[in-house]
Each structure stands twice: as C-alpha cells, then as structure tokens.
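A short write-up of the structure that comes next.
What follows is calculated from the coordinates using simple rules that are stated; it is not laboratory data. Source: prediction; values computed, not measured. As a convention, Cβ positions derive from the backbone with ideal geometry for all residues, glycine included, and neighbour counts pool all protein chains shown.
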Ligand SMILES: C[S@@+](CC[C@H](N)C(=O)[O-])C[C@H]1O[C@@H](n2cnc3c(N)ncnc32)[C@H](O)[C@@H]1O
C-alpha cells in the first residue's frame, strides 16, 4: 500500500528524535498560545498528516504541555494499525483517532474545523507546490498553528569521502523531485516553498535544521538502507551510468561494514502561527 514500511520507519525513528531541535519546544509553545487564544481551556486538537506508525505523536505529545486530542491520518492501513496500537500510551494524549485518507485527493475533507495544530514529519518533501498551497489555505482558514518537521533539504555529506558522492547526491535530488503521488514533488525546496506559502497567508514562521548525523554503531543499519535507497534512485535517474552507481554503492557499503562510515543528511523543521 505504501512505499514506507513499518520496519523502515522504526529504523529511522531514533535518528529523527536525535535530530529534532530542542529549540522547538519553546517555538511551538509560542505558536500554540497564539492559535489557542480563543479556546484556551479545551484540549489541543492536533492533525498529523502522513502519520506512519505515530512517530510524530510520540515525539511531540510530551513536549506540548496541554492535554491533546490527535487525529492521525495516513493512506496505509497497516501503518495506521501500528499507530493505533501505541497512541494511547503517549503522554498528555487524552484522545486520538486514526483516519484513513489519501492526502493527495482528500485534503479538503479532513476535519479542519477546530484543529489548532497541523503537523507532519518527513512528508513535505514528497508533495507538490500546489498541494502545499492548498494545505496553507486550509490551515489559514482554520487559524491553526503548523509544524512540518524533518523535510529533506538536499544536503548530504558522507565520510570517508568518495569522488562520486556529490554526483550521486545530484541524481538523488533529481529523483526527489519526481511525482510521489501528489504531482511533481518539491523535494529539497519543500521548506522554502512552504515558508513562502504560509507567510503569504499572514503566518509568522520560524525554521531550523534537523539534520541526521549518523555516526554511531547503532546507526549503521540505517546508513546501509539509506545508501541502498540512494543507489536505487540514482540508477533510475542515470540509467546508462548504472555501473558507476554500483561502484559507489559497493564502496559506501564497505565503509559501513567496516564501521568507519559517517553520513549527514540535511533536514529542516518549519513552524508558524497566524498573526
Ligand atoms: C516518510 S513517511 C513519514 C511517516 C511519519 N510521519 C514519521 O515521521 O515516521 C511518509 C508517510 O506519508 C504517508 N503517505 C504518503 N503518501 C500519502 C498519501 N497520498 N496519503 C496519505 N498518506 C500518505 C506514508 O504512508 C507514510 O506513512
């Protein structure tokens, strides 16, 4: 159903948590105070788009002081089952519901009314310009605060360095812009475009880096999956040069197997609230 398996999401979750910035808690509280001015006593209503197994809820719920009601949206029923199995354990979450929906087509029919925080993690780089514009329209109409975490921004750094690292990243970044079900994807431009879209609708916004820094032994399995994924993407874009990609992949995987590999992947978090 989805290209994102529960195993992949579990592999990345500890690195996502380590990457998400501490500054966020304060920024988010400010944004939420503004968005909740009209209903300060009610539980905070949160809409999580592309929730996967619920990683964003697990991270955010304990960092938001208010009691919360979450709606977890995804098109993948298996991922929603995982999310449902653990959402009740989360700190400060009084109620939650899962909603199976195709965000590419059903954005307008989500429960916007009364939503005070719209959030997503690792989603924005998959979607199109037009989709972000519609998202910003819906958020502005609901006067909701927003937080879009862990959007890939096109930067990678691998060590030990290989001659073809930058070339492979160029192919990967081209692949990032292919259609992921929402029209041509924003890929590395996701945070820039979303920030402009929300500011054009009167939002105050802030952004900060949330890079993966993969250097400890426990990140080696994620590094290996990442390298395999990048190589597959690069072979799709540069099909005539597949042997060049194969050689790069083999050298990277050897460095990982020797335990000497370090990989940084650039991400950004964007948040904001209506003025
Ligand atoms: C990279 S994963 C991130 C999952 C989760 N937010 C996290 O941080 O672990 C992207 C998520 O978006 C969901 N997704 C992708 N396209 C979708 C669509 N058209 N409608 C609904 N969900 C979608 C996938 O099923 C997946 O759970």
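Expressed per residue, the C-alpha convex hull volume of region 198-275 stands at 107 Å³. Each of 62, 128 was scored by other Cβ atoms within 10 Å of its Cβ. Listed from fewest to most, they are 62, 128.
With an a/c value of 1.5 or above and a/b not larger than b/c for the gyration tensor axes a ≥ b ≥ c computed over the alpha-carbon atoms, region 162-236 is described as oblate.
Starting from the Cα gyration tensor of region 106-151, take the square roots of the eigenvalues, sort them a ≥ b ≥ c, and report rounded, prolate or oblate (rounded when a/c is under 1.5, otherwise prolate if a/b is larger than b/c, else oblate). Oblate, because a/c is 1.5 or more while a/b does not exceed b/c. How many percent of Cα pairs in region 107-195 exceed 20 Å? Everything past 20 Å amounts to 42 percent. The Cα atoms of region 1-129 cover 39, 34, 32 Å along the three principal axes, with the biggest extent listed first. Helical runs assigned H by DSSP (4 residues or longer) give the chain a calculated mean residue ellipticity at 222 nm of -13500 deg cm²/dmol, each run adding -39500 (n - 2.57) before division by the residue total. Shown here is the pair-distance distribution of region 165-204: with all Cα-Cα distances grouped in 5 Å bins from zero up to the longest one, the shares run 6, 22, 19, 18, 15, 11, 5, 2 percent. With the convex hull drawn around the C-alpha atoms of region 209-249, the volume per residue stands at 81 Å³. Take every Cα pair under 8 Å whose residues are at least 6 apart in sequence, average their separation, divide by the length of the chain, and the relative contact order is 22 percent.
Return one number: the angle in degrees, 0 to 90 and rounded to the nearest 10, between the long axis of the Cα atoms of helix 129-142 and the longest principal axis of the Cα atoms of the chain. Tilt relative to the chain: about 20 degrees. Subtracting the Cα-Cα distance of residue 134 and residue 162 from their residue separation scaled by 0.36 nm leaves 6.0 nm.
Compared with the dominant principal axis of the Cα atoms in the chain, helix 6-19 is inclined by about 80°. The order of 158, 51, going from fewest to most other C-beta atoms within 10 Å of their C-beta, is 158, 51.
Please say if region 1-60 is rounded, prolate or oblate, where rounded means a/c under 1.5 for a ≥ b ≥ c the square roots of the C-alpha gyration tensor eigenvalues, and otherwise the choice is prolate for a/b larger than b/c and oblate otherwise? It comes out oblate by the Cα gyration axes. The fewest-to-most ranking of 16, 106 by surrounding Cβ atoms within 10 Å reads 106, 16. Take every Cα pair under 8 Å whose residues are at least 6 apart in sequence, average their separation, divide by the length of region 140-275, and the relative contact order is 48 percent. The label point for residue 113 and the one for residue 264, both projected 7 Å from the Cα toward the Cβ, are 4.8 nm apart.
Rg over Rh for region 72-222 works out to 1.00, both radii taken from alpha-carbon positions and Rh defined as the Kirkwood radius.
Between helix 77-87 and the chain there is an angle of about 60 degrees, using the helix long axis and the longest principal axis of the Cα atoms. Reducing region 121-176 and region 1-65 to their Cα centroids gives an inter-centroid distance of 17 Å. Computed over region 1-120, relative contact order equals 30 percent, with contacts defined as Cα pairs under 8 Å that lie 6+ residues apart. Using the Kirkwood radius over Cα pairs, work out the Stokes-Einstein diffusion coefficient for the chain at 20 °C and 1.002 mPa s, in µm²/s as a whole number. Stokes-Einstein gives a translational diffusion coefficient of 111 µm²/s. Simple spin-label estimate for residue 97 and residue 174 gives 4.6 nm between the two label positions (7 Å along the Cα-to-Cβ direction from each Cα). Just grab the label-to-label distance for residue 106 and residue 141, each label 7 Å out from Cα along the Cβ direction, in nm (one decimal). Taking the simple label geometry, residue 106 and residue 141 are separated by 1.7 nm. For region 39-113, the direction-averaged projected area of the alpha-carbon convex hull comes to 4.8 nm².
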